[in-house]
Amino acid sequence: MPPALTARRLSKRYGSTTALDAVDLEVGEGELVGLLGPNGAGKSTLTKIACGLVRATAGEATVAGAPAGSADARRATGYLAELFRFPGWCRAGELLALHQRLARSDGGAAERARLLDEVGLAGEDGRRVETMSKGMQQRLGIAQALIGDPRLVLLDEPTSALDPAGRRTVRRLLEALRDRGIGVLLNSHLLSEIELVCDRVVILDGGRVVAEGRPEELVASSGVEIETGDGVRRFPQATRDDVPRLVRELVAAGADVYEVRVTRSTLEDVYLQAVVGRDRDPGA
């Protein structure tokens, strides 16, 4: 099976502005990939090229092996935009039925009921959109993106309006999509959510990939902290392998050791390092 999404040397220019500059990216079958970057980094442009709303200036993008934007690629793609709007008078079931017709899905009432249940809206098919909270509308939007069992799902800030319970529901749903072999490209500013659920992270800045890898590969050890009877001793350059030696030395020196912690950087640290850089002012 071809990857859910493949981008090769993908570039997009708007006049003199370069939104994407020779980007390579892949989302495998059943893989959750987090797309990070500051405003204007090219995340939305990449997502819109993948779903066929924007044409690339150079390079190529394919969805399930078909050229992005083609009929076959659109049939294999589910998409939730960041700034979506549903008619307030429309009922949840009616909205999903409309999108079933647009996606040419023959799932019928059974598919609608399953999707509403998966996003935590079971029994809400008769509820009007205008009576729903923003978080409920967000989950309804995710349900419509899953119509027709797409190979690739593109989600732009899907948890931005959700409370902690809603975000947990979405995390469980994303994990279920992974188990079903559906590839997901998740565009989000919530780094903690990306770190919790994504298999791999791609960081864009200025239209280029500036960092990529599994979350556990990107973060690094930032030292060892040892709590003693005289307070916490910090060893910034130490690693996990240094812990036995450090403890032996402290005990030999007469210290009482109560706790040892190997500290690590966070995905936020990695993001800021990749995007802001050591020699640039984060507030600039």
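Quick note: the coordinates plus some simple rules give every number you see, no bench work behind them. Quantities reported herein were computed from a predicted structural model and do not represent experimental measurements. For neighbour counting, all protein chains shown are included, and Cβ atoms are generated from backbone atoms with ideal geometry for every residue, glycine included.
About its Cα centre, how strong a charge dipole does segment 5-216 have in debye, to the nearest 20, once Lys and Arg get +1 and Asp and Glu get -1 at the Cβ?
In total the dipole reaches around 560 debye.
Could you check which residue among Ala211, Ala252, Ala110 shows the biggest mean-square fluctuation in a GNM of the chain with a 10 Å Cα cutoff?
Sorting by GNM fluctuation, first place goes to Ala252.
How large is the direction-averaged shadow of the alpha-carbon convex hull of segment 144-253, in nm²?
The Cα convex hull of segment 144-253, projected and averaged over all directions, gives 11.0 nm².
Could you tell me whether segment 1-93 comes out rounded, prolate or oblate from its Cα gyration tensor? Rule is a ≥ b ≥ c as square roots of the eigenvalues, rounded for a/c under 1.5, then prolate if a/b exceeds b/c, otherwise oblate.
Judged from the Cα gyration tensor, segment 1-93 comes out oblate (a/c at least 1.5, b/c at or above a/b).
Scan around Arg264 for amide H atoms under 5 Å from its own, H built in the peptide plane at 1.01 Å from N, and keep only partners 5 or more places away or cross-chain.
The list, which skips near neighbours in sequence, is Ser222.
Taking the beta-carbon count within 10 Å as an exposure proxy, list His189, His99 from fewest neighbours to most.
Neighbour counts put them in this order, fewest first: His189, His99.
Just to check I understand the Karplus step: with θ = phi - 60° and J = 6.51 cos²θ - 1.76 cosθ + 1.60, what whole-Hz values come out for segment 26-31, glycine and proline as x?
So the Karplus estimates, Gly and Pro as x, are 9, 10, x, 5, x, 10 Hz.
Identify which of Gly231, Gly183, Gly78 has the largest mean-square fluctuation in a Gaussian network model of the chain, with springs joining Cα atoms closer than 10 Å.
Its mean-square fluctuation being the largest, the pick is Gly231.
Picking from Thr263, Gly30, Gln144, whose Cα lies most toward the positive end of the charge dipole for the chain (charges on Cβ: Lys, Arg +1; Asp, Glu -1)?
Gln144
Rg and Dmax in Å for the chain, alpha carbons only: what are they?
Gyration radius and largest Cα-Cα distance of the chain: 22.6, 75 Å.
To the nearest 500 deg cm²/dmol, what mean residue ellipticity at 222 nm is calculated for the chain from DSSP H runs of n ≥ 4 alone, each contributing -39,500 (n - 2.57), summed and divided by the residues?
Value at 222 nm, helices only: -9500 deg cm²/dmol.
Taking the dipole about the Cα centre of the chain, with the C-beta of Lys and Arg at +1 and of Asp and Glu at -1, give me whichever of Leu218, Pro87, Thr18 is farthest to the positive side.
Toward the positive end, the furthest listed residue is Pro87.
How large is ³J(HN,Hα) for each residue in segment 66-72, as worked out from phi by the Karplus curve 6.51 cos²θ - 1.76 cosθ + 1.60 (θ = phi - 60°), to whole Hz, x for Gly and Pro?
9, x, 4, x, 6, 4, 5
Under the Kirkwood approximation for Rh and a Cα-based Rg, what ratio Rg/Rh is obtained for segment 221-264?
0.93
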